[in-house]
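So the structure is just underneath, and the comments pick up after that.
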Amino acid sequence: IDIKTLRGVTGGVTTIDPGYKNTGSCESAITFLDGEKGILRYRGYAIEELAEKANFLEVAYLLIFGELPNAEQLAKFDKDIKEESHVDEDMKKILDGFPKSAHPMGVLSSLTSALVAFNPSSVDVDSDEAMYNAIVKIMGKLPVLAAWTMRKRKSLPLDYGDNSLGYVENLHKMMFSRPNKAYETNKVVNDALDKLLILHADHEQNCSTSTVRIVGSSHAGLFASLSAGISALWGPLHGGANQAVIEMLEAIKADGGDTAKYIEKAKDKDDAFRLMGFGHRVYKNFDPRAKIIKKSAEEVLGDLGIDDPVLDIAKGLAKVALEDDYFVKRKLYPNVDFYSGIIYRALDIPTEMFTVMFALGRLPGWIAQWREMRLRKEPIGRPRQIYIGETERSFKSIAER
Ligand code: ACO
């Protein structure tokens, strides 16, 4: 039964499904996910294979346009993005207005929204060409804005990248280059970053992606929709979990490393504490991304010669939780962000920037979902409700209240 027929059949009936646990919001050909079996595929390709063999820009193209690019298509995509990797100088004034202590996710969301004012043509995407232009603009500019938010926190001069470098290496350079110091590339670091971005690139109708689609469904424009998606991702129950995981692991370490104590806290229903990085709305089996990332964390730390006690705490915590009845019964496994923060730390990325890295990885997924929604001419998103408030009342003047 297709969506239009279903709408006809159920017209007049409102179902209530808090958190949309059993409600599909759209048909989509982008990402396939089987939470029971732990399968994740982008456009039919297994995440394991993409993480191993593809680079982030190829995956971005695949997600957005549906096919892996050939060499010519990839070169054009890369060139078009690079030609858009400048940002209006006046955007620096907006960044200037934020305190240094501002959370980078708030800054990034605001700057993404502000970009509309400097690129008004990005809103009208009625032709294929206009849509493509909006896409390469944001693919070029978002890494610049992300790098700027980090540099501002560190009092470093704002900079652009080096367009002779690849997309991910250029991002790394924009974040880490120092005045009067030659930038050196590091293959281990760039490969690790590339893999993390691929693993985060799409995950069907999660909270931030649904936000992008629903805001975009009002035809508000790509950048405004992405700004809303960045805000949705910020929360600790979603993308903000990667920051929350490291903060939790550090707190456990500072408290003597007693993992069992924190497992008990997480099980206690009177305690608000949750084991961050554990559980998932859809995966009721191991998150396939977590498997790849755990292995990658061990390799990256080994290659960089880093001995991080937080990795041992994470492994200990996972071992205890995976043998505990509470977690087994509820099918709570480590998710992608249980280990990602450990890699970000090894790459010297500040904790408050972790969710920004997630946003940069999720960018092509958000774009692909927004594009699909617009091309399918989906109607404006507008859920119904069951009203539980007062019935009709008469107005009382202020003297009578
Ligand atoms: N620690 C302890 N108990 C948990 C946890 C956890 N991390 N996650 C779920 N539970 C328990 C719940 O208390 C609930 O128990 P109950 O049945 O006795 O009431 C049961 O497991 C089901 O949990 P829900 O909250 O109903 O599951 P939901 O699908 O709504 O939430 C979520 C999923 C938000 C991911 C949740 O597991 C969670 O808060 N995890 C920690 C935060 C986190 O890691 N978020 C990142 C998700 S991945 C991502 O967005 C990239």
Single residue of ASN186, ASN133, ASN163 found to be at pLDDT below 95 and more than 30 Å from ALA244 (Cβ to Cβ): ASN163
Got a sec? Which of PHE327, PHE278 is within 12 Å of the ligand (Cβ to nearest atom), over 22 Å from the mean Cα position of the chain (by Cα) and in contact (Cβ under 8 Å) with a residue 24 or more places away in the chain? PHE327
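Can you confirm whether LYS53 is basic (Lys, Arg) and within 20 Å of GLY365 (Cβ to Cβ)? Please lay out each step first, then the result.
Details: basic (Lys, Arg): yes; within 20 Å of GLY365 (Cβ to Cβ): yes.
Spelling it out, LYS53 is indeed basic (Lys, Arg) and within 20 Å of GLY365 (Cβ to Cβ).
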Hey, could you check segment 273-284 for residues that are farther than 15 Å from ASP325 by Cβ and of a type in the set (A, V, I, L, M) and say which is surrounded by the fewest Cβ atoms within 10 Å (Cβ to Cβ)? VAL282
Just checking, which of ASP270, ASP287 is at negative phi, within 13 Å of the ligand (Cβ to nearest atom) and surrounded by fewer than 13 Cβ atoms within 10 Å (Cβ to Cβ)? ASP270
Taking segment 1-22, which residues are modelled with pLDDT of 90 or more and either more than 16 Å from the ligand (Cβ to nearest atom) or not hydrophobic (A, V, I, L, M, F, W, C) (or both)? ASP17, PRO18, GLY19, TYR20, LYS21, ASN22
List every residue pair whose Cβ atoms sit under 8 Å apart, with the two residues 6 or more apart in sequence or on different chains, where the first one lies in segment 302-321 and is within 18 Å of LEU275 (Cβ to Cβ) and the second, anywhere, is polar (S, T, N, Q) and part of a helix (DSSP H, G or I). ILE313/THR259; GLY316/THR259; LEU317/THR259; VAL320/THR259
Every residue in segment 179-219 that is closer than 23 Å to ARG345 by Cα, touching a residue at least 24 places away in the same chain (Cβ under 8 Å), part of a loop (DSSP other than H, G, I, E, B) and charged (D, E, K, R), please. ASP202
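Have a look at PHE327, PHE354 and point out the one that is closer than 30 Å to LYS141 by Cα, hydrophobic (A, V, I, L, M, F, W, C) and part of a helix (DSSP H, G or I). Please lay out each step first, then the result.
Working: PHE327 fails: closer than 30 Å to LYS141 by Cα.
Result of the check over PHE327, PHE354: PHE354.
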Qualifying residue in segment 148-161 (condition: touching a residue at least 24 places away in the same chain (Cβ under 8 Å), of a type in the set (A, V, I, L, M), surrounded by 15 or more Cβ atoms within 10 Å (Cβ to Cβ) and in a helix (DSSP H, G or I)): yes
Quick check, is ASP312 more than 10 Å from the ligand (Cβ to nearest atom), outside any helix (DSSP H, G or I) and modelled with pLDDT under 90? no
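The values are calculated or read from the model by the stated rules, or taken from the named source; none is laboratory data. Not measured: the values here are computed from a predicted model. Counting neighbours? That spans all protein chains shown, and the Cβs are built from the backbone with ideal geometry, glycine included.
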